[in-house]
Amino acid sequence: MGGWAIAVHGGAGVDPNLSPERQEEAKRLLTRCLEIGVDALRSKSLSAIDVVELVVRELESDPLFNSGRGSALTAKGTVEMEASIMDGPKRRCGAVSGVSTVKNPISLARLVMDKSPHSYLAFGGAEEFARQQGVEVVENEYFITEVNVEMLKLAKQANAILFDYRIPPAVPSLETCSASASAGATPLTDTPLQLMNGLPISIYAPETVGCVVVDNDGRCAAGTSTGGLMNKMSGRIGDSPLIGAGTYACNLCGVSCTGEGEVIIRGTLARDVAAVMEYKGLKLQEAVDWVVKNRLNEGQAGMIAVSSEGEVAYGFNSNAMFRGCATEDGFMEVGIWD
C-alpha cells in the first residue's frame, strides 16, 4: 500500500473573469476541507467512506459551491439536490435525488447505503426516509442564496440553462451580469448559446462538489453532491447521483466527476476509469487522462481520483477546475487553472 490520499473538487469550468477575491475564497474552502480530511486520515480513526462523508458535508454546508446550501435553483426557484456515495471494498453504494429539505444530502445517501435495502431513493420517498432516519432537515429557503437568485434571473432573461462557470466569449462575466441584472439591464436575448443535448445553454453557474479518499488500508471511497443545473426543469436528474457516471469506487480506485452531466452519464465516466485500469492495465493518472480524452464526445468535464496504491490524480478538458489533493508523504496542492 502507498498510504492514504485524498482529493476534493468544487466543479469543472471557471469564469475566466472570476475575481481574485473569489478565487482565494474558493482555495481557502478547498484547503479547509482537505485539512479536515487529512486530520481524520492521520488519526486513523475513520475509514475512507467516513472521511468522504465528513468532507462532502463541509462542502455542502458552505454556500460557495453548488451543493447543499448554495445549490442551483430550478426553473420554479426551488432547490432539488442530489448526491451519491460509494464504498470501494464491496462496491456498496447509496444515492438520493430531488431532496429539498435535507441539510446534508451526502449523509442521506450514506443512510440509503447503510440502513435501507435499496441503493437509490428519490423525491418524496427520499424525504420520507430522511424523516424516518431522523436526519437534520431545514426549510427549502435555507439553501437559497441571493447570488443564485440573481443567476436564475439571468437564466430566465436568456431563456437558457446556467451550468458551471464556463462563459461564451461574447458574454460578460457573471459579476458584470449580476450587476446588470440588479440594475434592470436589457435581457440577454442576443447571447450566443452553446448546446447540450442539442438544446441551448448560456452563462454558466457554480458546479458540483466531490471527494475521493483512499485510507491506510487501501480502501477507496467516493462521494459527489450537487444542486444540479441553474434553471433546470423540476425533476431533472444529473450524473452526480448515478453510480458509474458521477461517482464510482471499487477495489482499484475511487472517482468523482463534475461537468456536463448528460455527457458524463452517456460516457459512464467514473466507471470507465476503473475499467481501463482493470482491463488495459493503466495506472491511475493514465486512466483519468484516457477517459477525459476518449469519452467526452466534445462535452466538457473533469474528475478527481485515488487508487488503492495511494495515488491521486485529476483531469479535465474545461478551462479550469476547482480542486485540491493531499497525500500521506506531505504533498498538498490546491488549484483552479491548468
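The values are calculated or read from the model by the stated rules, or taken from the named source; none is laboratory data. This one's a predicted model, so the numbers in the text were calculated from it and none came from an experiment. Cβ coordinates were reconstructed from backbone atoms using ideal geometry, including for glycine residues, and neighbour counts include every protein chain displayed. Note: accessible area is taken over every heavy atom of the protein model, side chains too, but ligands, DNA and RNA are not part of it. Shrake-Rupley method; radii C 1.70, N 1.55, O 1.52, S 1.80 Å.
Only one residue in A40, A26 is part of a helix (DSSP H, G or I), under 26 Å from A249 (Cβ atoms) and within 16 Å of the chain's Cα centre (by Cα), so which one is that?
Of A40, A26, the one residue that is part of a helix (DSSP H, G or I), under 26 Å from A249 (Cβ atoms) and within 16 Å of the chain's Cα centre (by Cα) is A26.
Of all residues in the stretch 119-168, how many are at pLDDT below 95, open to solvent by 20 Å² or more (accessible area, probe 1.4 Å) and assigned to a strand (DSSP E or B)?
Number of matching residues: 1.
Starting from the stretch 242-268, keep only residues that are on the phi < 0 side of the Ramachandran plot and among the polar types (S, T, N, Q), then list their pairs with residues that are surrounded by fewer than 22 Cβ atoms within 10 Å (Cβ to Cβ) and not in a strand (DSSP E or B) whose Cβ atoms are within a distance under 8 Å, requiring at least 6 positions of separation or different chains.
N251/P89
Could you say which residue among E82, E60 is surrounded by 24 or more Cβ atoms within 10 Å (Cβ to Cβ), out of contact with any Lys or Arg (no Cβ under 6 Å at 6 or more places or on another chain) and not in a strand (DSSP E or B)?
On inspection, the qualifying residue turns out to be E60.
Would you please name the residue that is least open to solvent (accessible area, probe 1.4 Å), looking only at residues in the stretch 207-223 that are charged (D, E, K, R) and modelled with pLDDT of 95 or more?
Within the stretch 207-223, the match that is least open to solvent (accessible area, probe 1.4 Å) is D215.
Residues of the stretch 304-333 being of a type in the set (D, E, K, R) and surrounded by fewer than 22 Cβ atoms within 10 Å (Cβ to Cβ), which ones?
Hits for the stretch 304-333 are E309, E311, E328, D329, E333.
Does the stretch 278-300 include one or more residues that are among the acidic types (D, E), in contact with a Phe, Trp or Tyr (Cβ under 9 Å, 6 or more places away or on another chain) and open to solvent by 10 Å² or more (accessible area, probe 1.4 Å)?
no
Tally time: how many residues in the stretch 252-272 are in a helix (DSSP H, G or I) and touching a Gly at 6+ places or on another chain (Cβ under 7 Å)?
Counting residues in the stretch 252-272 that are in a helix (DSSP H, G or I) and touching a Gly at 6+ places or on another chain (Cβ under 7 Å) gives 5.
Which of the residues that make up the stretch 2-39 are in contact with an Asp or Glu (Cβ under 7 Å, 6 or more places away or on another chain), open to solvent by 10 Å² or more (accessible area, probe 1.4 Å) and aliphatic (A, V, I, L, M)?
I36
From the list G77, G94, G70, which residue is open to solvent by less than 10 Å² (accessible area, probe 1.4 Å), at positive phi and not in a helix (DSSP H, G or I)?
The match here is G70.
Looking at A275, A326, A305, A287, which one is touching a residue at least 12 places away in the same chain (Cβ under 8 Å) and not in a strand (DSSP E or B)?
None of the other options fit; the residue is A287.
Of all residues in the stretch 40-57, which are touching a Leu at 6+ places or on another chain (Cβ under 8 Å) and surrounded by fewer than 19 Cβ atoms within 10 Å (Cβ to Cβ)?
Within the stretch 40-57, L46 is the sole residue that qualifies.
Pairs please, first residue from the stretch 123-151 and within 18 Å of E60 (Cβ to Cβ) and without any contact (Cβ under 8 Å) to a residue 40 or more places away in the chain, second anywhere and assigned to a helix (DSSP H, G or I) and hydrophobic (A, V, I, L, M, F, W, C), Cβ atoms under 6 Å, 6+ apart in sequence or on different chains.
The qualifying pairs are A130/L108; Q133/L111; V135/L108.
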